[in-house]
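Notes follow once the structure below has been shown.
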Amino acid sequence: MANINHTEATAPPFSPGWDLGTTAEVVPGQRFYLVFLLCLALTSIPVKNLAYIVPPVFLFLELIVGEKSAWRTLLLMALFATLSGVSMMYDGFRGQAINVPGLLFALLTYLPMFLFLASRPDREIDSSLFTKFINLTAWFVIVQSLVGVIQFVISRNGDAVTGTFGLLDFHLNTISITQVYFTFTLFGMILFLMLDARRLLPQVAIVAGLLTCAIAQSGHQTVFFAASLALCCTIQFRRFGTALGGIALVGCLTFIVVQLYPDTIMHTQEWYRKVVQDPRSAKRMVLTDSAEYLSDPKNALLGVGLGQYTSRAALISSNTYLNRELPGPLSGRSDYFVDSMLPAMHRFDEVGEGSAISKPYFSALSAAMELGPPLTFVCLGVLGVHLLRNLHWMLSSNPKLARAGLVSCIGLLFFLLCCVIENYLEFPQAIFLPFLLYLVVQARATQLSTRSPA
């Protein structure tokens, strides 16, 4: 694919770009680069649940510099909390148990969503700074991929491929969902690097990242990434080279996965039968309960409240999810959780075989049930605005702008598909770095769109 900023770039091709000058000289775009660098470091530290502080740190720094979207984020949080509080109080008056700590945890775990809803596409990211983002991301992918390959060689276990996110998990026998966080981050960064794929450094990083993701074999992510890439490249049929390159990338990824794990297709079909067709499926069980809850007019209007049902916040506060129990003031369970989620989780333990695909909780359901259908449709409307803008850019006659739109569309579609599997919306260690890179692409595309006709 062509380089989105190759002709304008001034940063050395193999430098992550540290020459930001003195503090007094740092401009808004460079400040964002420094914040991204800090978030990159914090997310990569192999400390369990440390990544949950990264979005609040980002929001705090945005507030310090007077970023308007940060204030919009706070207003959105207050609005969502108020609506959830009203719903919970109504349930409380009806004699139902409510989970107040769940609401507080939800404001933390859903923070990436609030930041996305309040985001703006007009940050100052010029050509030189964009190249610094590319270089830093490329080196990050290369180093993390090297760590992941070493983990696989030592453990011979794809689930142990976690980079520095879970550096010694395989050695300590604490392998968990960290592998999913790691591969999602790599897939998001691979998309970002596709914008500069004519240079050697991004090329090496893309190959290393794809190989590492294939070794890790996060099955649903691999399928959804390939499908999103193929679909969006096909839509961009007017640019034959771009479409062909994307489809070739899909072919390479598929070939590597099939070579490393020949039973992938068979396992995919097997999991589909277990989740969709098996009447004992935990997912089917909780979906049936959810339809019944939505028959209540209050729930159909306001939802059951943030942190009350299937979200990560509800799981964390229930003391059924973490390895260590939370103290009493930080734990709680709503009746919705006790009556529906606990039986579904027990069913998952019986027939789920540990796969994320079979889990009874996922973001598409969590958002619809806890926010309520009306507010969920509003959030989807904001997402639709992003998709339409990206599609408009993708069909632009400007090749750089078209690639920015293409990458953005693929990223959003990939994320949405993953949200039908697990609670990705509340995975800051997985989604926050790709989200920040999405903001970079949006800013660069906005600048390109003001210079050339669509």
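The values are calculated or read from the model by the stated rules, or taken from the named source; none is laboratory data. Please read all numbers here as calculations on a predicted model, not as lab measurements. Here the Cβ positions follow ideal geometry from the backbone for every residue, glycine too, while neighbour counts run over all protein chains shown. Surface accessibility is based on the protein's heavy atoms, side chains included, excluding ligands, DNA and RNA. Shrake-Rupley method; radii C 1.70, N 1.55, O 1.52, S 1.80 Å.
Key figures
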item	result
Fully extended contour minus Cα-Cα distance, from Lys298 to Glu124, at 0.36 nm per residue	58.3 nm
Accessible area of region 36-174 belonging to carbon and sulfur atoms, whole % at 1.4 Å probe	73 percent
Within straight-line cross-link reach of Lys132, lysines at Cα separation under 20 Å, skipping those fewer than 8 residues along the same chain	Lys400
Lys283 accessible area, assembled protein chains, probe 1.4 Å, Å²	10 Å²
R0 of 41 Å, Cβ-Cβ distance Leu388-Ala291: FRET efficiency to nearest 0.05	0.85
Average accessible surface area per residue within region 313-428, 1.4 Å rolling probe, Å²	38 Å²
Local net charge near Thr109, Cβ-Cβ under 14 Å (Lys/Arg +1, Asp/Glu -1)	-2
Mean Cβ count within 10 Å, highest first, over the residues of peptides 41-48, 432-439, 336-343	432-439, 336-343, 41-48
Cα→Cβ-extended label distance, 7 Å offset, between Ile64 and Phe93, nm	4.4 nm
Under 25 Å from Lys298, Cα to Cα: lysines that are on another chain or at least 8 residues apart	Lys283
